[in-house]
Amino acid sequence: QVRIVESGGGLVQPGGSLKLSCAASGRIGSVVAMGWYRQAPGKQRELVATITSTSRTNYADSVKGRFTISRDAAKNTVYLQMNSLKPEDTAAYYCYVGGFTYTTWGQGTQVTVSS
């Protein structure tokens, strides 16, 4: 069983920054990719950023240049540094870890960007 613990969400003013963390533990095996999706009220879940085991990254167009995903392979942890936050970034952010035979999701952490 794979367990995920997310942290770092909260309330921030427009233009501010937050850093999300996601730590995976348990029977992880070989990780193929980790990343973040988000879901705003009334909208579908959408990709934010992913990073593979070879550190290849992929970002949604809406966050390119503002968000940075990184990983600590030794700790099975992925981070999402979010800068220049906008009100439209408000959403529940979900971390996932994907192996060859599974994909496990975290419970989500809320990010609210508001003045």
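The values are calculated or read from the model by the stated rules, or taken from the named source; none is laboratory data. This structure is a prediction, so every number in the text was calculated from the model and none was measured. Glycine gets a Cβ as well: all are built from the backbone with ideal geometry, and neighbour counts include every protein chain shown. In case anyone asks, the SASA skips ligands and DNA or RNA and just uses the protein heavy atoms, side chains included. Shrake-Rupley method; radii C 1.70, N 1.55, O 1.52, S 1.80 Å.
Can you give the Kirkwood hydrodynamic radius for segment 1-98, in Å, rounded to one decimal and based on Cα pairs?
On the way: mean 1/r = 0.0730 Å⁻¹.
That comes to 13.7 Å for segment 1-98.
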For segment 57-115: rounded, prolate or oblate by the Cα gyration tensor [a/c cutoff 1.5]: prolate
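Only loop residues by DSSP count here, and only those with at most 12 other Cβ atoms within 10 Å; note down the trypsin sites (Lys or Arg not before Pro) in segment 1-58 that meet that. Please list the in-between numbers first.
Working: sites: ARG3, LYS19, ARG27, ARG38, LYS43, ARG45, ARG56; in loops: ARG27, LYS43, ARG45, ARG56.
Those that pass, being in a loop and sparsely packed, are ARG27, LYS43, ARG56.
With a 1.4 Å probe and every protein chain left in place, work out the accessible area per residue of the chain in Å², rounded to a whole number.
Numbers: 6240 Å² over 115 residues.
Per residue, the chain has 54 Å² of solvent-accessible surface.
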Enumerate the calculated ³J(HN,Hα) couplings along segment 75-80 in order (Karplus 6.51 cos²θ - 1.76 cosθ + 1.60, θ = phi - 60°), each rounded to whole Hz, writing x wherever the residue is Gly or Pro. 9, 6, 10, 10, 10, 10
Leaving out ligands, DNA and RNA, and with a 1.4 Å probe, what % of the accessible surface on segment 27-85 is carbon or sulfur? 44
